[in-house]
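Report on one structure; see the data block that follows.
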Amino acid sequence: MGGFLPSCFTQERKHKTVKKYATSIQNLKHYNRSILEEIAVQDLYDLQEQDFSNAARLANKGACSKKVLAFLQGAFPDVNGDQCYCCSKAKLSPAGSCSRGDMVLVQDASKLVAGEVMSNFEVCGTTWTLLQKMSLANYSEEKASAKWSRAEEAVVLIATENIQCAATWSNGKDDTIVTIIPLPLRGWFES
C-alpha cells in the first residue's frame, strides 16, 4: 500500500466515539496516544455519571407534562408535581431495560403475563410502568413461545420491579402477539 495505513476504527463497535476525537487531533507524533487519552477521559466521565444500582429505576428523569401529571395525581392523590418524573426507558431489576413499545413479561400474583410498555414513571422514589396488559392464548413448549391476545386489553399501572424482562416478540395472526419465553421463565408455563 505504499506507506498508507487504512483506518480500521469503523470496524470497531464504538467507532463513533473514536472518530469524534480522531478527527480533531492535530499532533501526529503522538496520534494513537492522544486518541486513547481522550477516550479514557470520556469513559471515566461517563462512568462518573452512571448509577450502578440494580433496583428498578428510570434511565433519565424528565419532567412530566401537565396531562401526565394530572393522570399520576389521579392514581396517587397525595403526590405533588415535584415528586413525579417520567421517561420512555426504565432500567429493570436486577438488569435489563424496557422502553415504550416493548413487550415485557410481568410477574402478576402467581402467573406470568405480557404487556406492551406505554410509559415509565417515578413517583416518590418508586418506579411505575404504564402497561397494556395481554391475556395468554396458548404456550408452545416445543418453540418456547407464548401467544398473547389483545382481545382483553387492560391498561394498568404496575411496579416496574415486577417486570421480569423485555421479550423478543412479533405480530402474530389474528391480532395476536407471539413472544419467545426466556429459559429461566419457562417454568411459569409448564404444567
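Throughout, read-outs are computed from the coordinates displayed, never taken from laboratory work. Since the model is a prediction, treat every value here as computed from it, not as a measurement. As a convention, Cβ positions derive from the backbone with ideal geometry for all residues, glycine included, and neighbour counts pool all protein chains shown.
Computed extension gain for ALA40 through LYS67, at 0.36 nm per residue and net of the alpha carbon distance, reaches 5.5 nm. Our helix-only sum for the chain, with -39,500 (n - 2.57) per DSSP H run of n ≥ 4 divided by its residues, gives a mean residue ellipticity at 222 nm of -6000 deg cm²/dmol. Largest GNM mean-square fluctuation across LYS173, LYS19, LYS133, computed for the chain with C-alpha springs under 10 Å, falls on LYS19. Size check on region 51-149: the Cα extents along the three principal axes, sorted descending, read 49, 31, 23 Å. In the chain, Cα pairs under 8 Å separated by at least six residues give a relative contact order of 15 percent. For the residue pairs LYS61/LYS173; LYS66/LYS147; LYS66/LYS91; LYS19/LYS91, alpha carbon separations beyond 32 Å are given by LYS61/LYS173; LYS66/LYS147. For the chain, the longest principal axis of the Cα atoms and the long axis of helix 31-49 meet at an angle of about 30 degrees. Other residues within the sphere of radius under 15 Å centred on the Cβ of ALA109, judged by their own Cβ, net out at 0 (K and R +1, D and E -1). When only the Cβ of Lys, Arg, Asp and Glu is charged (+1, +1, -1, -1), the dipole of the chain relative to its Cα centre reaches about 620 debye. Here the Gaussian network model covers the chain, with springs between Cα atoms less than 10 Å apart; of ASN32, ASN54, ASN171, ASN32 fluctuates the most.
Taking a ≥ b ≥ c as the square roots of the Cα gyration tensor eigenvalues, the chain comes out oblate, since a/c reaches at least 1.5 and a/b does not exceed b/c. Ordering ASP102, ASP78 by the number of other Cβ atoms within 10 Å of each residue's own Cβ, fewest first, gives ASP78, ASP102. Could you tell me how far the Cα centroid of region 129-152 sits from the Cα centroid of region 61-122, in Å? Taking the Cα centre of region 129-152 as reference, the centre of region 61-122 is 20 Å away.
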